[in-house]
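Everything on this sheet refers to the single structure shown next.
What follows draws every value from the coordinates through simple rules; no lab data is involved. Keep in mind that what you see is a predicted model, and the values were worked out from it rather than measured. Here Cβ is always computed from backbone atoms with ideal geometry, including for glycine, and neighbour counts include all displayed protein chains.
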Amino acid sequence: MAAKSLPVKKRKKVLAPSSQSLSFADRLVYLTGIPVDATEQEVTDLVSSFGKINNVILLPCSEEESEKGQGQKASVCMMKAEDALALSSASKLGIRDHAITASAAK
């Protein structure tokens with residue numbers, strides 16, 4: 001008779017406070033001036049060079065904003081507050097020669 005092995009309990013990985021900021025607002029960055037035809041993947045590719053991303057939400061512009069040439073907006077939540085700060089402080093961001101403006105959430 002073979003002995004049954006007990007199932008191994010998996011522990012949930014807990015990130016240390018230093019590796020993940022506790023405040024959501026500290027990790028949130030708003031992007032404006034994104035080309036109207038840009039994809040979420042292009043935005044993700046742009047911001048991923050600053051660190052790990054929690055999520056990206058691309059907000060299409062209204063007809064009025066499109067007529068004014070304002071482009072799309074995006075909300076980006078980084079995994080670390082210091083990565084969000086680096087992104088919001090970047091002076092030269094762009095997608096296909098369109099300048100993108102980044103600002104930290106307040």
Hits among aspartates and glutamates - C-alpha to C-alpha of LYS52 under 12 Å, sequence gap 8 or more where chains match: GLU82, ASP83
task: From zero up to wherever the largest Cα-Cα distance of the range 21-106 sits, split into 10 Å bins and tell me the percent of pairs in each.
output: 20, 53, 23, 4
- prompt: Once amide H atoms are built 1.01 Å from N in the peptide plane, which residues 5 or more positions from ILE100, or in another chain, come under 5 Å H to H?
  reply: LEU93, GLY94, ILE95
Peptides 25-34, 85-94 ordered by average Cβ neighbours within 10 Å, highest first: 25-34, 85-94
statement: Filtering GluC sites (Glu not before Pro) in the range 52-106 by DSSP loop and by at most 13 other Cβ atoms within 10 Å leaves none
message: Please list, in order along the range 95-102, the HN-Hα scalar couplings obtained from phi with the Karplus expression 6.51 cos²θ - 1.76 cosθ + 1.60 (θ = phi - 60°), rounded to whole Hz, x for Gly and Pro.
response: 10, 6, 6, 9, 6, 10, 9, 10
